[in-house]
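Below: the structure, in structure tokens.
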Amino acid sequence: MRIILIGFMGAGKTTVGKLLAEKLKLEYIDMDKLAMQISRYNSIDEIFDKAGEIAFRELEIAAAKKVRNTKNIVIATGGGVIMNKIIIEYLKEDSIIVFLKTSFEETKKRVASNPPYLFRNIKNAQNLYTLRLPLYHYYANKTVITDNKTPEEVVEEIYKNI
């Protein structure tokens, strides 16, 4: 079994991914962390600041290549993987792709204390959310709405639907 979690920033992919992997007794990988291990940088924000978004997307491709044939795993992706057909093609084969759908208002609340680089300008983040939303729906086999739910409730919903 291979479960790929997609969704916008703050959707809960990391938290839900860890809990889901534990419940299913599967390995867990966070693609952002894997991309960081491949890089020479200390944080994603540092990559965006010093090398730019394209450099980060190249690291995401490298991370996707590393996990492309891994089975019995839950993979939490970065919010932008659906923007790169190469990455999503590596990930989608033999996978259940679950979209953790979170409203933009809820996302703002969740990331308020530590906004990611792409969330520094709210208007740009809103535009990015609007741009990505149809792609999340397009690639997902399952969609779980996360607003007003605990991570445990989201995991339970995923578990019941796979």
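The values are calculated or read from the model by the stated rules, or taken from the named source; none is laboratory data. In this text the structure is predicted, and so the values were computed from the model without any measurement. Positions of Cβ are backbone-derived with ideal geometry, glycine not excepted, and every protein chain shown enters the neighbour counts.
If we scan region 69-76, do we find a residue that is in contact (Cβ under 8 Å) with a residue 24 or more places away in the chain, within 18 Å of Leu133 (Cα to Cα) and surrounded by 16 or more Cβ atoms within 10 Å (Cβ to Cβ)?
First, pick out the residues of region 69-76 that are in contact (Cβ under 8 Å) with a residue 24 or more places away in the chain: 70-76.
The next check asks that each one be within 18 Å of Leu133 (Cα to Cα); those that pass are 76.
Next, only the ones that are surrounded by 16 or more Cβ atoms within 10 Å (Cβ to Cβ) stay: 76.
The answer is yes, given that some residue of region 69-76 is in contact (Cβ under 8 Å) with a residue 24 or more places away in the chain, within 18 Å of Leu133 (Cα to Cα) and surrounded by 16 or more Cβ atoms within 10 Å (Cβ to Cβ).
Would you check if there is a residue in region 15-22 being of a type in the set (Ser, Thr, Tyr) and touching a strand residue (DSSP E or B) at 6+ places or on another chain (Cβ under 7 Å)? Within region 15-22, none of the residues are of a type in the set (Ser, Thr, Tyr) and touching a strand residue (DSSP E or B) at 6+ places or on another chain (Cβ under 7 Å).
To keep it simple, each residue is scored yes or no on (1) surrounded by fewer than 13 Cβ atoms within 10 Å (Cβ to Cβ); (2) out of contact with any strand residue (DSSP E or B) (no Cβ under 8 Å at 6 or more places or on another chain).
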site	(1), (2)
Arg40	yes, yes
Gly52	yes, yes
Ile61	no, yes
Val81	no, no
Lys92	no, no
Ile97	no, no
Lys101	no, no
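Listed by position, the helices (runs of 4 or more DSSP H) enclosed by region 21-111 that each have at least 1 residues that are over 25 Å from Glu152 (Cα atoms) are 31-38, 44-50, 53-67, 85-92.
Only residues that are among the polar types (S, T, N, Q) and free of Cβ contacts under 8 Å to residues at least 12 places away in the same chain: list them for region 106-121, please.
First, the residues of region 106-121 that are among the polar types (S, T, N, Q): 107, 113-114, 121.
Answer for region 106-121, where residues must be among the polar types (S, T, N, Q) and free of Cβ contacts under 8 Å to residues at least 12 places away in the same chain: Ser113, Asn114, Asn121.
Kindly check whether there is at least one residue in region 138-155 that is under 14 Å from the mean Cα position of the chain (by Cα), touching a residue at least 40 places away in the same chain (Cβ under 8 Å), assigned to a helix (DSSP H, G or I) and on the phi < 0 side of the Ramachandran plot. Checked against the condition, which is being under 14 Å from the mean Cα position of the chain (by Cα), touching a residue at least 40 places away in the same chain (Cβ under 8 Å), assigned to a helix (DSSP H, G or I) and on the phi < 0 side of the Ramachandran plot, region 138-155 yields at least one hit.
Of all residues in region 112-134, those that are β-branched (Val, Ile, Thr) and either surrounded by 17 or more Cβ atoms within 10 Å (Cβ to Cβ) or within 14 Å of Lys101 (Cα to Cα) (or both) total 1.
Among the residues of region 3-30, how many are out of contact with any helix residue (DSSP H, G or I) (no Cβ under 7 Å at 6 or more places or on another chain), surrounded by fewer than 24 Cβ atoms within 10 Å (Cβ to Cβ) and among the small types (Gly, Ala, Ser)? Total meeting the criteria: 1.
Cβ-Cβ contacts under 6 Å between residues 6 or more apart (or on different chains), taken from a first residue in region 24-49 that is of a type in the set (Asp, Glu) to a second residue that is in a strand (DSSP E or B) and surrounded by 16 or more Cβ atoms within 10 Å (Cβ to Cβ), are listed as Glu27/Ile73; Asp30/Ala76.
With respect to Ile44, determine if the residue is buried (at least 22 other Cβ atoms within 10 Å of the Cβ) and either out of contact with any His (no Cβ under 8 Å at 6 or more places or on another chain) or modelled with pLDDT under 90 (or both). So Ile44 fails the test. In this entry, Ile122 is excluded by the filter for residues that are touching a strand residue (DSSP E or B) at 6+ places or on another chain (Cβ under 9 Å) and of a type outside the set (Phe, Trp, Tyr).
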